[in-house]
């Protein structure tokens, strides 16, 4: 590929990343208009499925996407993922019932699972020597622009979702993907020229099915446990047992398959093993930060959902600023290891500060803490993927790249379950009404006591999040010196 063609391909990848980031948080701002339109009587009970259908489908296909990239080439998988995402978006916009919308979100999730992960494979191949990688910006520039795009998407998502739902129609939350996605699809088909392995490979579909069964059952445990069903209920215990059995069968399959979907040999490489572990910890801590800061703002401080989403702007600014500065930092000798260590340390500090939040804390204090969190996450964006990619054999580039996203997804799920359980336990011990679901019905001193108990529970969540990020920093210090 020529330098000019590589620049266009690089821009296509960045727009794809923006689509991926936007779609993770744009729907949450429109759940009320969706329910009001499609099922005003029973729709609220189906919202968890509307949110989780996308995540479940995305997680299920991640390992398969990586193997397909290594087998048939990243371009075909990239184009296929975008086309599937656009089909799902069109079906979502045309849905006439909550059931149709949930099914369409699953289709969208199948494509969405490749938007971020496969794009990172494409970027790695674009930046490879001999493919005009210098024109695309190389490692430093790729990471910096990626941080800017991720920060912009995080800021735009809630605002765009709320604006479209309030002033247009909730269906445009999905339809807006179509013109942008079609342009990306055409650009990718015309511009991308990526290597394809000349050797015929076999795909371990049995391993992919077991990985999907494990991830889906685990995500359902975290989605339903302590909310729809008690942790000791037969449903949750059965799903947990199914998840454990699927994991055991998957690991056995990976030791016997001729070409495993997630080769266990990767975990023998220190940089890859540590990169996967850190990515999982970061995923858990990031989920705790975003979800529980939003709950604090809406429940404790009484801020509407759309306005609460604007409080993520300082976090996005932090990510964007670091993204802009990271190229200079890389030029001054910062390695990927340095970025990861500095980012996890800054995120730890931000979570420690968030753990001091009280019922009447200054909202500017919250903004400042989210700004620091954005700096931490901005330093981490893309770096772990690069570390894993550089440590992986070329024939396993796709599997290694999607593996980091897979472990982040599992971290998100486990973090959600852990933090939700902690919050419930603290509230049950200190607050009135028995559970957090009864807080809205309380009045007077009982409500004030409940709000205080909820805030205390959130502080515990942030402390645990800080511990997770501190563990990530410890692991980052153990990364090989040559990482980056």
* Among the residues of segment 41-67, how many are more than 23 Å from residue 413 (Cβ to Cβ) and either crowded, with 18+ Cβ neighbours inside 10 Å or modelled with pLDDT of 85 or more (or both)? -> 1
* **Long-range neighbours under 7 Å by Cβ, at least six apart or interchain, first residue under 24 Å from residue 36 (Cβ atoms) and outside the structural domain of residue 401 (by TED's automatic domain parsing) within segment 92-120, second outside any helix (DSSP H, G or I) and modelled with pLDDT under 85** => 97/39; 98/39
* Of the residues 330, 325, which is farther than 19 Å from residue 458 by Cβ, crowded, with 18+ Cβ neighbours inside 10 Å and at pLDDT below 85? -> 330
* To do: Give the residues of segment 223-253 that are in a helix (DSSP H, G or I) and touching a residue at least 40 places away in the same chain (Cβ under 8 Å), sorted by residue number.
  => 223, 250, 253
* Per-region count, segment 188-244, residues modelled with pLDDT of 90 or more and in the same structural domain as residue 76 (by TED's automatic domain parsing) -> 0
* To do: Could you check, for segment 60-76, whether at least one of its residues is over 23 Å from residue 262 (Cα atoms), in a helix (DSSP H, G or I) and touching a residue at least 40 places away in the same chain (Cβ under 8 Å)?
  => no
* If you check residue 438 against the conditions, is it surrounded by fewer than 17 Cβ atoms within 10 Å (Cβ to Cβ) and modelled with pLDDT under 90? -> yes
* **Condition check for residue 7: assigned by TED's automatic domain parsing to the domain that holds residue 173, surrounded by 18 or more Cβ atoms within 10 Å (Cβ to Cβ) and either in contact with a strand residue (DSSP E or B) (Cβ under 7 Å, 6 or more places away or on another chain) or modelled with pLDDT of 80 or more (or both)** => no
* Asked: Of the numbered conditions (1) part of a helix (DSSP H, G or I); (2) under 22 Å from the mean Cα position of the chain (by Cα); (3) buried (at least 17 other Cβ atoms within 10 Å of the Cβ), residue 207 satisfies every one except a single condition; which is it?
  -> (2)
* Could you please let me know if residue 296 is under 30 Å from residue 31 (Cβ atoms) and surrounded by 20 or more Cβ atoms within 10 Å (Cβ to Cβ)? => yes
* Set 113, 99, 88, 93: member being modelled with pLDDT of 80 or more and within 14 Å of the chain's Cα centre (by Cα) -> 113
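The values are calculated or read from the model by the stated rules, or taken from the named source; none is laboratory data. Fair warning: this is a prediction, and the values are worked out from it, not measured in the lab. Positions of Cβ are backbone-derived with ideal geometry, glycine not excepted, and every protein chain shown enters the neighbour counts.
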